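Working notes, structure below.
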Amino acid sequence: VQLQAYGGGLVQVGGSLRLSCAVSRRTASNNGLGWFRQAPGKEREFIVGVSWRGVPTDYAGSVKGRFTISRDNGKNTVYLQMDSLKPEDTAVYYCAVSRSPMAASRTESYQYWGQGTQVTVSS
């Protein structure tokens, strides 16, 4: 299984970005998907996940109300819409395929990881 995340870039404070993550195998439509991020010098942080049915988990408190996850099983793709971006959102963002139909917050719950896409929010 391969994951390709894209859509990152440089954006000003208050701006928006939409990340996409394409999964190579159709069977991933039976698995939960998640988004994580990792800032320099910090641990990888769970942002949000979505079950195989498209039901999202709780969002991390730091992004609640600003980020929205969705998935399109027909396109084997999961999205992360990021609005009202802040400098503290600067990080490498990763998508991952869960080991189960559900999505959890622990990194150990995920089997496959994308290579990451850099998001930089300038003030």
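The values are calculated or read from the model by the stated rules, or taken from the named source; none is laboratory data. Worth saying up front: this structure is predicted, and the values here are computed from it rather than measured. Here the Cβ is made from the backbone with ideal geometry for all residues, glycine too, and neighbour counts use every protein chain on show. Surface accessibility is based on the protein's heavy atoms, side chains included, excluding ligands, DNA and RNA. Shrake-Rupley method; radii C 1.70, N 1.55, O 1.52, S 1.80 Å.
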Point to revise | Residue identified as in contact with a Lys or Arg (Cβ under 9 Å, 6 or more places away or on another chain) and acidic (Asp, Glu) among Asp72, Asp58 | key: Asp58
**Study point:** Residue list for segment 22-40, filter: modelled with pLDDT under 95 and either at positive phi or out of contact with any Ser or Thr (no Cβ under 6 Å at 6 or more places or on another chain) (or both)
**Key:** Val23, Ser24, Arg25, Arg26, Thr27, Ala28, Ser29, Asn30, Pro40
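Restricting the search to segment 1-16, which residues are in a strand (DSSP E or B) and closer than 20 Å to Thr120 by Cβ? Give the derivation first.
Residues of segment 1-16 in a strand (DSSP E or B): 3-6, 9-12.
Answer for segment 1-16, where residues must be in a strand (DSSP E or B) and closer than 20 Å to Thr120 by Cβ: Gln4, Ala5, Tyr6, Gly9, Leu10, Val11, Gln12.
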Check your understanding: Of (1) more than 19 Å from Gln115 (Cα to Cα); (2) surrounded by 18 or more Cβ atoms within 10 Å (Cβ to Cβ); (3) within 10 Å of the chain's Cα centre (by Cα), Ile47 satisfies all except one. Which?
Key -> (1)
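State all residues of segment 17-37 that are open to solvent by less than 60 Å² (accessible area, probe 1.4 Å) and either assigned to a strand (DSSP E or B) or farther than 19 Å from Glu108 by Cβ (or both); if no residue qualifies, say none. I'd like the intermediate steps shown before the answer.
Of segment 17-37, the ones open to solvent by less than 60 Å² (accessible area, probe 1.4 Å) are 17, 19-23, 28-29, 31-37.
Answer for segment 17-37, where residues must be open to solvent by less than 60 Å² (accessible area, probe 1.4 Å) and either assigned to a strand (DSSP E or B) or farther than 19 Å from Glu108 by Cβ (or both): Leu17, Leu19, Ser20, Cys21, Ala22, Val23, Ser29, Leu33, Gly34, Trp35, Phe36, Arg37.
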Practice item. Only residues in segment 105-121 that are open to solvent by less than 70 Å² (accessible area, probe 1.4 Å) count as the first member; pair them with residues that are in a helix (DSSP H, G or I), Cβ under 6 angstrom, at least 6 apart or cross-chain, and list the lot. Key: Val121/Pro87; Val121/Asp89
Practice item. Hey, can you tell me all the residues within segment 72-85 that are under 13 Å from Arg18 (Cβ atoms), in contact (Cβ under 8 Å) with a residue 12 or more places away in the chain and either more than 13 Å from the chain's Cα centre (by Cα) or open to solvent by less than 50 Å² (accessible area, probe 1.4 Å) (or both)? Key: Thr77, Val78, Tyr79, Leu80, Met82, Asp83, Leu85
